[in-house]
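K.L.:
Structure below; questions to follow.
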Amino acid sequence: MQKSAVQKVSSRRRINPRTLAMTAILGAVATVLMMLSFSLPVIPSFVKLDFSELPALIAAFALGPASGVGVCFLKNLINLTMSSTAGVGELCNFLLGVTFVVPAGLVYKYRKDRWGALWGSLLGAVVMAVLSFPINYWITYPFYTATMYPLEAILGLYQAINPAVQNLAQALLWFNCPFTLFKALCDVAITFVLYKKISPLLQGKIAR
C-alpha cells in the first residue's frame with residue numbers, strides 16, 4: 001500500500017516531456033516576438049512594445065504557471081546572447097513577465113473557465129504594471145544611468161513628450177506603468193482570441 005502511494009507521488013512529480021517540449025517551443029516563439037519589438041510615439045523610443053509575454057501567458061494557462069515562468073526564462077536567456085545590457089534588461093524583463101503570468105496562471109489553475117482566465121490575466125496585468133515601478137526604479141534605470149546614459153539625458157526624452165516630467169519617479173508613473181499595463185492588456189486580448197484554438201495542441205488533446 002505504501003509502495004503504491006509512493007509511486008503515485010513520484011509519478012505526479014515526474015516532469016512531463018511534452019510539457020517541456022511545448023515550453024521550449026513557446027520560449028522560441030517568445031524570443032522571436034521579443035526581437036520584433038517596436039516603438040510608439042507616446043513614449044520614449046528606447047521603451048519598446050513587444051508581445052513576447054503572449055506565449056508565456058498561453059503556457060501558464062495551458063501547461064501551468066511553472067511553464068509560463070519557463071517561457072519567460074528561455075526567451076531572456078536566448079536574448080542575453082544578443083543583448084548589450086549585461087543581463088540587466090533581461091533580468092527586468094524576466095521579473096516583469098513572471099509578475100504577469102504567475103498570478104494569471106495560479107487563478108486559472110483553480111478556476112478553469114473563461115472567468116478564471118479573464119480575472120487571472122487582468123490581475124496579472126495590474127500586478128505587472130504596479131511592480132514595473134520598483135523594478136525599473138531600483139534595477140533597470142540605475143544600471144542604465146551608471147553605465148550608459150546620464151539621468152538628465154533619459155529624463156530629456158520623457159520631457160520631449162511631456163515637459164511637466166521633473167524626475168524619474170514621475171516618468172515611470174506617467175509613462176512606463178501605464179505603458180506596461182497597455183502592453184499586458186494587449187497580450188490578454190490576443191490570448192483570448194488564440195487560446196481556445198491552440199490549447200488542445202499544447203495539451204496533446206487533438207483527436208486522432
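The values are calculated or read from the model by the stated rules, or taken from the named source; none is laboratory data. All values derive from a computational prediction rather than experimental measurement. Neighbour counts run over all protein chains shown; Cβ positions are idealised from the backbone, glycine included.
K.L.:
Does segment 52-69 contain any residue that is within 17 Å of Leu194 (Cβ to Cβ), under 14 Å from the mean Cα position of the chain (by Cα) and outside any helix (DSSP H, G or I)? Talk me through it step by step, then tell me what you get.
P.N.:
Pass one, segment 52-69, residues within 17 Å of Leu194 (Cβ to Cβ): 52-63, 67-68.
After this cut, where a residue has to be under 14 Å from the mean Cα position of the chain (by Cα) as well, the list is 52-61, 67-68.
This time we only want the ones that are outside any helix (DSSP H, G or I), so: 52.
Yes - at least one qualifying residue is present in segment 52-69.
K.L.:
So which residues in segment 149-204 are farther than 20 Å from Gly120 by Cβ and touching a Ser or Thr at 6+ places or on another chain (Cβ under 8 Å)?
P.N.:
If the condition is that a residue be farther than 20 Å from Gly120 by Cβ and touching a Ser or Thr at 6+ places or on another chain (Cβ under 8 Å), then Leu151, Ile154, Leu157, Leu172, Asn176, Cys177 are the ones that fit.
K.L.:
Within segment 93-135, how many residues are over 18 Å from Ala59 (Cβ atoms) and surrounded by 20 or more Cβ atoms within 10 Å (Cβ to Cβ)?
P.N.:
3
K.L.:
Using beta carbons and a limit of 7 Å, which pairs, at least six apart or on different chains, have the first residue in segment 74-94 and of a type in the set (Phe, Trp, Tyr) and the second one buried (at least 17 other Cβ atoms within 10 Å of the Cβ)?
P.N.:
Once the first residue is of a type in the set (Phe, Trp, Tyr) and sits in segment 74-94, its partners that are buried (at least 17 other Cβ atoms within 10 Å of the Cβ) give Phe94/Cys72; Phe94/Phe73; Phe94/Asn76.
Every residue, every condition in (1) without any contact (Cβ under 8 Å) to a residue 24 or more places away in the chain; (2) under 20 Å from Leu49 (Cβ atoms); (3) crowded, with 18+ Cβ neighbours inside 10 Å; (4) under 23 Å from the mean Cα position of the chain (by Cα), yes or no:
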{"site": "Tyr137", "(1), (2), (3), (4)": "no, no, no, yes"}
{"site": "Thr140", "(1), (2), (3), (4)": "no, yes, yes, yes"}
{"site": "Gly156", "(1), (2), (3), (4)": "yes, no, no, no"}
{"site": "Gln159", "(1), (2), (3), (4)": "yes, no, no, no"}
{"site": "Asn162", "(1), (2), (3), (4)": "yes, yes, no, no"}
{"site": "Asn167", "(1), (2), (3), (4)": "yes, no, no, no"}
{"site": "Leu172", "(1), (2), (3), (4)": "no, yes, yes, yes"}
{"site": "Phe175", "(1), (2), (3), (4)": "no, yes, yes, yes"}
{"site": "Thr180", "(1), (2), (3), (4)": "no, yes, yes, yes"}
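K.L.:
So, one more: Which count do you get for residues in segment 145-154 that are surrounded by 14 or more Cβ atoms within 10 Å (Cβ to Cβ) and at pLDDT 90 or above?
P.N.:
Final tally of qualifying residues: 3.
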